[in-house]
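Undergrad: Here you go, one structure.
The values are calculated or read from the model by the stated rules, or taken from the named source; none is laboratory data. Everything numeric here is computed off the predicted structure, so don't read it as measured data. As a convention, Cβ positions derive from the backbone with ideal geometry for all residues, glycine included, and neighbour counts pool all protein chains shown. Note: accessible area is taken over every heavy atom of the protein model, side chains too, but ligands, DNA and RNA are not part of it. Shrake-Rupley method; radii C 1.70, N 1.55, O 1.52, S 1.80 Å.
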Amino acid sequence: MQPDLLLQKIRNTDRYVRKVRGYLHEHPEKSLQEYETSRFLQAEVAERGLPVTRVSDTGFLAVLDTGRAGKTVGLRTDMDALPVQEHPCNLKGKKKRVSGREGVSHVCGHDAHMAVLLGALQILCDIRDRLKGKIIFIFEAAEETVGGIDDMLGALADLHLDAVYGNHVYAAMPAGDICIDRGAVMAGMASIEFDVIGQGGHSSRPDLSINPVFAAAHILTGISIAWNNQLDITKTVSLGISRIHGGEAGNVFPNSVCIGGSLRFFDREAGEKAVRTVKDTAEIIARAHRCTVSFRQADIVLDPVVNDAALTDLAREAVRELFPGKLVEGGRWFASESFSKYAMLAPTVFALIGTNNAALGAGAEHHNDRFDVDEEALPYALGAMTGFAVRFLNSD
């Protein structure tokens, strides 16, 4: 297919993609609660005449069968928003779009992902006569909590996928830059949550209680020291303790303190060792304070997102053809993605699409209340996805 024709399709679809992104941004829904989002998306898919298969309360997939024998490719988006109150301003001024739902917002970019997939669906339906094989449009629920991926994998298991493509807007790269590197491009994740258990009592007599607050503080200090002295410094594992809670009153020792967070890694063996280090350190230090530790969770939840070499090369060729000079390298990201699990079904490739624009004020970190997307990046995301799909389906 001639790149000029595809570029024209992308330009003609751009207004639609921005409109969809705007609507979804203003109507966010949390993980496993994407009911309005799912209904909206399914209605848009139905407009193109594609059959929809629901795989959960909100997750679903749609199939475009060209009627010609060939390969099957999956194109995937996530759907959920975060429990974050969005700030009406980005890093420079007022945002163009702001969440209309209290305490919930798309400050990670999933609104852009959904809009791009719908745009790709429109284009690929328009050019189906030029394609072979099948395209599975994957609308995955609850990516942020890893709550929708297993249902989706079950629904896809019998569809014989040959490849799965996904993308993510990325605030650390200039708007319109596209990174599709071989190998691990997003980190694996281990989830950590545990209680440090002591014995509550009156704060005037610490000797008559077992104070878990000091024990918890020493455990966190001990873990951070162990990170420097026990883990392989050539295999980085990030320590992200994000929550500690214990006690409600100034004159009462609590019975327990809860600590939670996550570890991120690109080497699974290093991630497994880090989990063991957290558990061993917590248990040993707790005993020194006459406390015990009860782990609610301490295991690997997601493996790294790893790009298949052949698919990466094909995706990069598609980008070079459509957008000369926009392909960059070295965008490896320590965030994690449920997309890694699609590798259980087929080879995968995952693209990072830059959205940073200092002049616009788009550049705040993901999950920050001032996060914003430069919509000028959307055509590049759309081109990377559709360009890959066309090239993959029509290649030998």
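Undergrad: Using only the Cα atoms of the stretch 253-360, each taken as one equal point scatterer with no solvent, compute I(q) by the Debye sum, divide by I(0), and report log10 of the ratio at q = 0.16 Å⁻¹.
TA: After summing over all Cα pairs, the log10 values are -0.88.
Undergrad: Moving on to the next point. Each residue of the stretch 99-104 in turn: what ³J(HN,Hα) in whole Hz from Karplus with 6.51, -1.76, 1.60 and θ = phi - 60°, glycine and Pro shown as x?
TA: With the stated coefficients, the stretch 99-104 comes to 4, x, 10, 4, x, 9 Hz.
Undergrad: As an exercise, take the mean of 1/r over every pair of distinct alpha carbons in the stretch 262-313, invert it, and state the Kirkwood radius in angstroms.
TA: For the stretch 262-313, the Kirkwood estimate is 13.2 Å.
Undergrad: Quickly work out the Lys92-to-Asp14 label distance, labels modelled 7 Å from Cα along the C-beta direction, and quote it in nm with one decimal.
TA: 1.8
Undergrad: Give me a comma-separated list of calculated 3J(HN,Hα) values for the stretch 348-358, in order, Karplus coefficients 6.51, -1.76, 1.60 applied at θ = phi - 60°, integers in Hz, x for any Gly or Pro.
TA: Here the 3J(HN,Hα) series is 10, 9, 10, 10, 9, 10, x, 10, 7, 8, 4 Hz.
Undergrad: Please give the FRET efficiency for Glu329 paired with Asn228, using the beta carbon to beta carbon distance and R0 = 35 Å, rounded to the nearest 0.05.
TA: 0.70
Undergrad: Based only on Cα atoms, what mean projected area does the convex hull of the stretch 56-128 have, in nm²?
TA: Mean projected area for the stretch 56-128: 7.1 nm², to one decimal.
Undergrad: Over all directions, what mean area does the Cα convex hull of the stretch 1-156 project, stated in square nanometres?
TA: 9.8
Undergrad: Carbon and sulfur atoms: what percent of the 1.4 Å accessible area of the chain do they account for?
TA: So the carbon and sulfur contribution to the accessible surface is 48 percent.
Undergrad: Keeping every protein chain present and rolling a 1.4 Å probe, give me the accessible area per residue for the stretch 135-284 in Å².
TA: 43
Undergrad: Please compute the contact order of the chain in relative form: average sequence separation of alpha-carbon pairs under 8 Å and at least six residues apart, divided by the residue count, as a percent.
TA: Relative contact order, the chain: 24 percent.
Undergrad: Okay, moving on. To the nearest 10 degrees, how steep is helix 35-47 against the longest Cα principal axis of the chain, on a 0 to 90 scale?
TA: Rounded to the nearest ten degrees, it is 10.
Undergrad: By how many degrees, between 0 and 90 and to the nearest 10, does the Cα long axis of helix 3-26 differ from the longest principal axis of the chain?
TA: Around 40 degrees separate the two axes.
Undergrad: On to the next question. Beyond 26 Å between alpha-carbons counts as too far, so tell me which of Lys19/Lys95; Lys19/Lys341; Lys9/Lys30; Lys235/Lys279; Lys19/Lys92; Lys9/Lys132 fall in that bin.
TA: Beyond 26 Å between Cα atoms: Lys19/Lys341; Lys9/Lys30.
Undergrad: Next up: Using all alpha carbons of the stretch 156-268, what is the percent of pairwise distances in each 5 Å bin, ordered from the shortest bin to the longest?
TA: Distribution as computed: 2, 9, 13, 13, 12, 11, 10, 9, 7, 6, 4, 3, 1, 0 percent.
Undergrad: Still on this structure: Just from the alpha-carbon atoms, what are the Rg and Dmax of the stretch 83-240 in angstroms?
TA: 23.5, 80
Undergrad: Quick one: Cα centre-to-centre distance for the stretch 218-282 and the stretch 1-64, in angstrom?
TA: 39
Undergrad: Tell me which residues come under 5 Å, amide H to amide H, from Asn307 once H is placed; ignore anything under 5 positions away on its chain.
TA: Those lying under 5 Å, H to H, from Asn307 are Gly183, Ala184, Val185.
Undergrad: Applying 1/(1 + (r/R0)^6) with R0 = 25 Å to the Cβ-Cβ distance of Asp313 and Arg268, what FRET efficiency is obtained, to the nearest 0.05?
TA: Efficiency computed from Cβ-Cβ geometry: 0.55.
Undergrad: Averaging over every viewing direction, what projected area does the convex hull of the Cα atoms of the stretch 64-173 cover, in nm²?
TA: Mean shadow area of the hull around the Cα atoms is 8.8 nm².
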